[in-house]
Amino acid sequence: MSTSININDREVGDDFPPLIIPEIGINHEGEYDKAIMLIDSAIEAGAEIVKFQCHITEHEMLHTDMKPGDISDETLWDIIKRCELTEKEEASIIDYCKQKNIIFLSTPFSREACDRLINLGVEAFKIGSGECNNYPLIQHIASKKKAIILSTGMNDIKSIKKTVSIIQKYNCPLIIMHCTSMYPTPYDKVRLGAISELKDLYPNIPIGLSDHSLGIASALGSVALGSCIIEKHYTISRSWPGPDTSISIEPDELKS
């Protein structure tokens, strides 16, 4: 049985070309003009969609001195706080995407961020791996009854099943994405076979890949196993500052 879901009039599923999601994320470093540049470059490379992250730092974490591993010497709090976009800026970005006829997608990291995105009129949510087992947040997002793209990094099948059951209770259209939460992911840790496992477990749910390995080889390989949606961090240049730019693909790679 082939199943698809609709995201802003784009059908995603086994019978359609894979949807490639360039994740701008926080590669704009909180700079609105840089965010617009990234959207324009993604469009020029042929993207149908761009993804951002909606951060309201005080609502998603305690003030912490924790650092994100080897990615940066800056504290996680300082990174997220610096990379926040205001609600007004996000509204302007959504309007810009509408003008340019490209789909806007975002990941909320708190209930307040979810509510903000709903107020701004988003039609779908991406849930990051770190929130996959944040069941109160999952329930809050699912209660909005919008399409959900769920990343599963750092979670086992038992945890994934619980999250999926919460989402299905609200009848939300759903895509599940295999993910290995290592930055960058070594090729021997990509585990593309997990796509086949997820397809066997959920034959009526489209399956995709959120890929943090370098280059595009893993993403291309995932399509052969049935991945219908691929997410890659995206930047104009890996020479730009930022915690995610070193693992991001550039315009030529996105076009490929």
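The values are calculated or read from the model by the stated rules, or taken from the named source; none is laboratory data. Just so it is clear, the structure is predicted and the values come from calculations on it, not from any experiment. Glycine gets a Cβ as well: all are built from the backbone with ideal geometry, and neighbour counts include every protein chain shown. What goes into the accessible areas is simple: the full protein's heavy atoms, side chains included, and nothing from ligands, DNA or RNA. Shrake-Rupley method; radii C 1.70, N 1.55, O 1.52, S 1.80 Å.
Annotations for the structure displayed:
- Residue-by-residue Karplus 3J(HN,Hα) for the range 222-234, coefficients 6.51, -1.76, 1.60, Hz, glycine and proline x: 5, 5, 4, 9, x, 5, 10, 8, 10, 10, 9, 4, 9
- Near the amide H of Ile7, within less than 5 Å, lie the amide hydrogens of Val12, all on another chain or at least 5 residues away, with H placed in the peptide plane.
- Phi-based couplings in Hz for the range 213-219 (Karplus 6.51, -1.76, 1.60; Gly and Pro marked x): 6, 7, x, 10, 4, 5, 4
- Anisotropy class of the range 44-97 from Cα gyration tensor, a/c 1.5 cut: oblate
- For the range 173-256, accessible area per residue (1.4 Å probe, heavy atoms of protein chains only), Å²: 41 Å²
- Each of Lys67 and Arg191 was given a label point 7 Å from its Cα along the Cα-to-Cβ line. The distance between the two points is 2.8 nm.
- Of all DSSP bridge pairs formed entirely within the chain, close to 10 percent run antiparallel.
- What the Cβ-Cβ distance of Asp9 and Glu29 gives, at R0 = 51 Å and to the nearest 0.05, is a FRET efficiency of 0.95.
- HN-Hα J in Hz across the range 78-92 - Karplus 6.51, -1.76, 1.60, θ = phi - 60°, x for Gly and Pro: 5, 4, 5, 4, 5, 9, 4, 10, 6, 4, 5, 5, 5, 4, 5
- Extending 7 Å from Cα along the Cβ direction at Ser143 and again at Lys98 yields two label points whose distance is 2.6 nm.
- Rounded if a/c under 1.5, otherwise prolate or oblate - the range 26-153, Cα gyration tensor axes: oblate
- If you run the Gaussian network model on the chain, springs between alpha carbon atoms under 10 Å, then out of Ile36, Ile149, Ile127 the most flexible one is Ile36.
- For the chain, the Kirkwood estimate of the hydrodynamic radius, built from every pair of different alpha carbons, is 18.2 Å.
- Residues Ile157 and Asn119, FRET efficiency given R0 of 22 Å [Cβ-Cβ distance, rounded to 0.05]: 0.05
- Cα-based reach from Lys81 at 16 Å (exclusive), listing aspartates and glutamates while leaving out same-chain residues under 8 positions away: Glu29, Glu31, Glu58, Glu60, Asp65, Asp73, Glu89, Glu90, Glu112, Asp244
- Sorted into 10 angstrom bins from 0, the C-alpha pair distances of the range 128-256 split as 13, 42, 32, 13, 0 percent.
- For Lys126, residues with placed amide H under 5 Å, excluding near neighbours: Ser106, Thr107, Ile149
- Close amide H pairs (under 5 Å, H built 1.01 Å from N) link His233 with Glu23, Ile249, residues at least 5 positions away or on another chain.
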